[in-house]
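A.B. asks: So that we are looking at the same thing, I have put the structure below in structure tokens.
No value in this document is a laboratory result; all are computed from the given coordinates. Bear in mind that the values here come from a model prediction, so they are computed numbers and not experimental data. Here the Cβ positions follow ideal geometry from the backbone for every residue, glycine too, while neighbour counts run over all protein chains shown.
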Amino acid sequence: MSKPATVAAYMTPDPFTFAPDTEVTRAVSALLKRRISGAPVIDDGGRLIGMLTAKDCFRAVLHASYHQELGGMVADYMSAPVETLDADLGIVAAAERFLAVPHRRFPVTSEGRLVGILTRLDLLRAFEAER
């Protein structure tokens, strides 16, 4: 009997990240340039402290429309605390987590450290590959 597929096998390792003191305008540009809709936010020690998503960036844009200036730091707009998946979690359990929440991506951790990111599409690829 083969070992069940895990999140680690299908995640994107070493994902692009933001520091909390990154200017939100630079963060928006980085998301657009990389064609991603969100990224983890880590502190100087490499600990996951938040997620910045396109939806979070909408708050910055709306704030700017009211106050006539776009600014602030990623920390001002990121979502926290962050739900994560463990790298050793099976893909079926990961699918159950995705169904239970509106998230489109989960940071993946191992021994408390950020090691990757798993998106809904990554998980679909996992099921396609495992069938």
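A.B. asks: At a Förster distance of 30 Å, what's the computed FRET efficiency of residue 47 paired with residue 128, Cβ-Cβ distance as r, to 0.05?
C.D. replies: Values: r = 33 Å, r/R0 = 1.11.
With R0 = 30 Å, the Cβ-Cβ based efficiency is 0.35.
A.B. asks: Let me ask something else about it. Give me the one-decimal nm value for the distance between modelled label points at residue 62 and residue 33, 7 Å along each residue's Cα-to-Cβ direction.
C.D. replies: 2.8
A.B. asks: Which residues' amide hydrogens lie under 5 Å from the amide hydrogen of residue 72, considering only partners 5 or more residues apart or on another chain, with H built in the peptide plane?
C.D. replies: Close amide H contacts, sequence-distant or interchain: 24.
A.B. asks: Determine which residues of the stretch 116-131 fall in the zone a paramagnetic label at residue 12 would reach in this model, i.e. backbone nitrogen under 13 Å from the point 7 Å along Cα→Cβ.
C.D. replies: Taking a point 7 Å out along Cα→Cβ of residue 12, the residues of the stretch 116-131 whose backbone N falls under 13 Å are 116-123.
A.B. asks: Which stretch or stretches of the stretch 71-105 have amide N atoms under 20 Å from the point lying 7 Å from residue 26's Cα along the Cα→Cβ direction?
C.D. replies: Within reach of a label on residue 26: 71-79.
A.B. asks: Taking a quarter of the surface of the convex hull around the Cα atoms of the chain, what do you get in nm²?
C.D. replies: Details: hull surface 34.4 nm².
Reported value for the Cα convex hull: 8.6 nm².
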